[in-house]
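Asks: Before anything else, here's the structure in question.
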């Protein structure tokens, strides 16, 4: 691997979001193919951060910084990917339910899913139930991701799933839920298709859902 | 009215007597503490559950101290808890009072992390303690709640500890970036919180509510939100500095919930890190022999590692530690009553004889079945009789059959319902 790709990968592992856009620009300016920069450095970097997390060598602060560095680099490269070069495994629309402003987990999940090759559309936090339904109709994602971080707001996930049923959209999209108060049992209770225990598990489950 | 004597077990045996007033759930709670004998205590946290059970609308529940306390007292009395089922979300009040934007919806108000109060580093200039806090945000509401808690026997007021307040005002990602990239700014920010903001807030709170001390909730300083390195460098020193500043003002204030071990992924569970967290907890309490289990998956962690830590650190020196034994929130919601009883029994068996065990239901989810809370309380009362029996399997136990909360309120209020 060229030095610039190594540097970019390491900057993502180090979580340096000031350097990663510069290095990404530099790599493209050197004539490297955007898809190679994306796969060999940017995705490789976030995967390495995930590996360090899973081995207890990284804590949440490290991962959140790596996710920020990933986002900054990907923002430079993605617009320059040739059509088809960045073909995704599937489209995921993702947001935190109404009344809930906690987006820490979502930030990491988005980085990991994007790093794993999914097209991720982030609706943000405090998203009304109807907006989720409208976005599923409009964007036709393979997966709808719902996050909640309070025991009151997590109950709204069922409203979203019920709303999808009423709108005739439920069989067109898989629903994956996540967030601190949620569990596999809760996912089953509300009729979700999968529960992402954490960001890495969300990638595993998303891969299963689109397989 | 029937007069009953009460003893508040969680507050060092404060005693008194009370007449049960159908229109005042606080008296139901106090009367319910009568004649409980010598046993381990069990308390709970769970504003979401109290709000759901009482049926009070979120806005009212989180802004009206009278309604809030009536609900807290009624739910605590219903379950027979040894302390009021705390309580209000302690992480937002100070931040909101300082100007942090909040979102009010169908749940607990939450900080709008999209628009942190300290969005730019230059915003640090905006961070000033007001001349008076009482009319800002929901401060009066919180002060009134704490005043009532003290009237009901609480010895400590509570507040948001420095690190968690820093997250509330700056957002987690930005604060972490500051710590890693611009520690000078981060130290200035933390210093302002512990030298100016929190002493000012606490001075006014303590004068208002009459508590003897204040303890700071610190969920953002839990593991793995931060690792032991950040706890050592960015949490402990500032908690200690706050304590020193408040001592100069004539009262005791300390961070209390720091370094709670909350690893979600059992594949990442680490005895070494768990023990480091316990060490930090004790340091945070100025060396007090103290082991704090709260929000983690304690029903799944190997509790033998806690036993080992206590044996090496304290028992070997003849020291009894204070151990908070937690019942996990999701476990409370999803386990069967019998599973909860078995777990509480295990906690008591492991920690109840050699140490001072206090049982704690952590952040009870909104839709937790009441039968599960009753089961936990019944297990604490039955197996927690002091001295703890040598063989708990020989202690007879029956799952309680209880009326619903609605039936309880109707009975206690003579059919009038909660006075809210």
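The values are calculated or read from the model by the stated rules, or taken from the named source; none is laboratory data. These numbers come from a predicted model, not from an experiment. With ideal geometry, Cβ positions are generated from the backbone for all residues, glycine too; neighbour counts draw on all protein chains shown.
Asks: Looking at (1) within 30 Å of residue B:148 (Cβ to Cβ); (2) in contact with a helix residue (DSSP H, G or I) (Cβ under 6 Å, 6 or more places away or on another chain); (3) more than 12 Å from chain A (Cβ to nearest Cβ), which is the one condition that is false for residue B:220?
Replies: Failing condition for residue B:220: (3).
Asks: Now a separate question. Looking at the range B:91-109 only, could you name the residues that are surrounded by 22 or more Cβ atoms within 10 Å (Cβ to Cβ) and away from every other protein chain (no Cβ under 14 Å)?
Replies: Scanning the range B:91-109 gives B:93, B:94, B:98.
Asks: So which residues in the range B:241-268 are part of a loop (DSSP other than H, G, I, E, B) and in contact with a strand residue (DSSP E or B) (Cβ under 9 Å, 6 or more places away or on another chain)?
Replies: Within the range B:241-268, B:251, B:256, B:257, B:258, B:259, B:260, B:262, B:263 meet the criteria.
Asks: Just need a number here: residues in the range A:27-37 that are in contact with a helix residue (DSSP H, G or I) (Cβ under 7 Å, 6 or more places away or on another chain), surrounded by fewer than 24 Cβ atoms within 10 Å (Cβ to Cβ) and not in a loop (DSSP other than H, G, I, E, B).
Replies: Qualifying residue count, the range A:27-37: 2.
Asks: Same structure again: If you go through the range A:71-91 one residue at a time, do you hit one that is more than 17 Å from the chain's Cα centre (by Cα), within 14 Å of another protein chain (Cβ to nearest Cβ) and either assigned to a loop (DSSP other than H, G, I, E, B) or farther than 24 Å from residue A:184 by Cα (or both)?
Replies: No.
Asks: Would you pick out the residues in the range B:233-262 that are under 19 Å from the mean Cα position of the chain (by Cα) and within 12 Å of chain A (Cβ to nearest Cβ)?
Replies: B:262
Asks: Tell me yes or no: at least one residue of the range A:48-60 is more than 29 Å from residue A:210 (Cα to Cα), out of contact with any helix residue (DSSP H, G or I) (no Cβ under 6 Å at 6 or more places or on another chain) and buried (at least 18 other Cβ atoms within 10 Å of the Cβ).
Replies: yes
Yes/no matrix, rows are residues, columns are (1) surrounded by fewer than 18 Cβ atoms within 10 Å (Cβ to Cβ); (2) closer than 15 Å to residue B:162 by Cβ:
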| position | (1), (2) |
| --- | --- |
| B:212 | yes, no |
| B:221 | no, yes |
| B:224 | no, no |
| B:236 | no, yes |
| B:246 | no, yes |
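Asks: Can you list the helices (runs of 4 or more DSSP H) found entirely within the range B:318-420 that contain at least 3 residues being touching a residue at least 60 places away in the same chain (Cβ under 8 Å)?
Replies: Values: elements: B:329-334, B:337-351, B:370-383, B:405-412.
Where helices (runs of 4 or more DSSP H) fall fully within the range B:318-420 and carry at least 3 residues being touching a residue at least 60 places away in the same chain (Cβ under 8 Å), they are B:337-351, B:370-383, B:405-412.
Asks: Could you tell me which residue of the range B:110-134 is nearest to the other protein chains (Cβ to nearest Cβ), considering only residues that are surrounded by 14 or more Cβ atoms within 10 Å (Cβ to Cβ) and in a helix (DSSP H, G or I)?
Replies: Top of the filtered list is B:121.
Asks: Do the conditions hold for residue A:65, that is, is it assigned to a helix (DSSP H, G or I), crowded, with 22+ Cβ neighbours inside 10 Å and not assigned by TED's automatic domain parsing to the domain that holds residue A:179?
Replies: yes
Asks: Still on this structure: Restricting to strands (runs of 3 or more DSSP E) lying wholly in the range A:102-211: which have 1 or more residues that are within 14 Å of another protein chain (Cβ to nearest Cβ), surrounded by fewer than 23 Cβ atoms within 10 Å (Cβ to Cβ) and touching a residue at least 24 places away in the same chain (Cβ under 8 Å)?
Replies: A:119-127
Asks: Out of the residues in the range B:343-369 that are touching a helix residue (DSSP H, G or I) at 6+ places or on another chain (Cβ under 8 Å) and surrounded by fewer than 18 Cβ atoms within 10 Å (Cβ to Cβ), state the one that is nearest to the other protein chains (Cβ to nearest Cβ).
Replies: B:367
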